[in-house]
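Before any comments, here is the structure.
The values are calculated or read from the model by the stated rules, or taken from the named source; none is laboratory data. Just so it is clear, the structure is predicted and the values come from calculations on it, not from any experiment. Cβ: placed from backbone, ideal geometry, glycine included. Neighbour counts: every protein chain shown.
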């Protein structure tokens, strides 16, 4: 794979972060995952996506975007129930330019200096062709990033606001500090009833066998096996409430076959049959949970969501990692499992000035993850 990152100074110099391995390519600002993951996104974009990179190296993509995707559920229902909605549905799914990717937790900004130039450059280059431009997943005082990266993120949001973008609160990124010494110590933090329920789910682990396959391992070099794993990803996608980025088989082929990356699959079997997998990466002191494939209804029968969560925590404990980063989706069930949340921001530019004014006034209606900004846990067990 070619590397799409740029040096930290964006000028072609070989600036590196203090302490970085001199053989390691420079990474994007805000990066929690390998640059090769974003590179695979550019080379093998999701269905109906076009992906390329800005002149400074920041990834861009274009697709039709449903404006109601992040709206509050009640608002979605009201709008979709309006007479004639289906006839004019195309107006609610404009061709949209995004700065960022759907495979990274945060915007893969090419370098710190791009924070001062990217918002206006996107408008200058693309406003005529796109009625909607979104700089997605800008960190908001993230505990997972350095103070320097958070300052860069603040600069980017300030520059975007000055250029006329509307700043909206984005998704809630779930993570767990591994500040306990064992699974039992983690469970001890919950109430007795909560702890009993989690232990009951943990017992399902006994009915499964769990393997760990490093990326590029022999099973992942088998095209038939990769097709089997991709079919499980498709099952997860089919049952998801939000359908945005449907990855193609060749995207996973590229990831699964890349032995140069510090990633691996947890593979779950029941009665010798693979019923699930989870793709994770280790970068620095973090375990990054990226993709899953589950067979249904077996995944629910064996509580695979919960079992895979326990496996990730156990892996982080055994390898001395400080964080388990579990991603954007299923916030309610992750809160039940003790996750914390850090928010993102989206910088949104609507070319139509009247719509832009309306977004400024109604923006909170499109911040459906806001309730997780200060969440610790919930008291009931959702069904993932």
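Key figures
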read-out: Flag if residue 179 is in a helix (DSSP H, G or I) and loosely packed, with under 12 Cβ neighbours inside 10 Å; value: no
read-out: Failed item, numbered, when residue 199 is tested on (1) modelled with pLDDT of 95 or more; (2) surrounded by 12 or more Cβ atoms within 10 Å (Cβ to Cβ); (3) farther than 30 Å from residue 137 by Cα; value: (1)
read-out: Qualifying residue in segment 158-167 (condition: in the same structural domain as residue 97 (by TED's automatic domain parsing), assigned to a strand (DSSP E or B), closer than 27 Å to residue 316 by Cβ and touching a residue at least 40 places away in the same chain (Cβ under 8 Å)); value: no
read-out: Matching residues in segment 182-233 - criterion: being touching a strand residue (DSSP E or B) at 6+ places or on another chain (Cβ under 8 Å) and part of a helix (DSSP H, G or I); value: 207, 219, 220, 228, 229, 230, 231, 232, 233
read-out: Candidates 310, 306, 341 - the one that is in a strand (DSSP E or B), surrounded by fewer than 22 Cβ atoms within 10 Å (Cβ to Cβ) and in contact with a helix residue (DSSP H, G or I) (Cβ under 7 Å, 6 or more places away or on another chain); value: 341
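Rundown of residues vs (1) at pLDDT 95 or above; (2) closer than 20 Å to residue 288 by Cβ; (3) within 22 Å of the chain's Cα centre (by Cα), yes/no style:
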position	(1), (2), (3)
219	yes, no, no
227	yes, no, no
242	no, no, yes
246	no, no, yes
250	yes, no, yes
254	yes, yes, yes
